[in-house]
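Take a look at the structure below.
Quick note: the coordinates plus some simple rules give every number you see, no bench work behind them. Since we're looking at a predicted model, the values are computed, not measured. Every residue, glycine among them, receives a Cβ derived from its backbone with ideal geometry; neighbour counts consider all protein chains shown.
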Amino acid sequence: MCLLDEVLVWDTTLIRCRSATHRASGNPLRAHGRLGAACGIEYAAQAMAVHGALIASAVGTRAPEGFLASVRNVQLCIERLDELRDDLIASATRVHGDEATALYDFSLCEADRLLLCGRAAIAFKLPGRDSSRRS
């Protein structure tokens, strides 16, 4: 599932992406004909994934497989995304990271209107570490 339409700008610490998929009746995140604001976290998470892939590609490597480990301090400023007319702008700023994790501040906006924001922790699968085994 790809919700983002375009990368607008990126560098080693931030990314900003545009999407119009919130208006699509076939959006895979819709439930009961609605697209709730919390689904905006997925838009931001996809921007973070693209950011990691772009950084890795720029240095000739491949981004490690990662997953959204947690979100904190999430503020939802609206109830629904599907009622918005303008495109969404998903932004993410990497505030810390190493080979095992990354921490991002994220937001989702419509034009200059903040729709949601928060902080996300991404955990990466390290080579040689079997994620199916627990210690």
| field | Antiparallel content of DSSP bridges confined to the chain, in %, to 5 | value | 100 percent
| query | Stretch Lys125-Val95 to full length: gain in nm at 0.36 nm per residue minus the Cα-Cα span? | reply | 8.8 nm
| message | 7 Å from Cα along Cα→Cβ at both Leu14 and Leu114: what's the point-to-point distance in nm? | response | 1.4 nm
| task | Give the longest segment of the chain that steers clear of GluC sites (Glu not before Pro) in DSSP loops with at most 15 neighbouring Cβ atoms within 10 Å, not counting the sites themselves. | result | 1-64
| Among Met48, Leu76, Thr93, whose Cα sits farthest toward the positive end of the charge dipole of the stretch 6-124 (+1 at Cβ of Lys/Arg, -1 at Cβ of Asp/Glu, about the Cα centre)? | Leu76
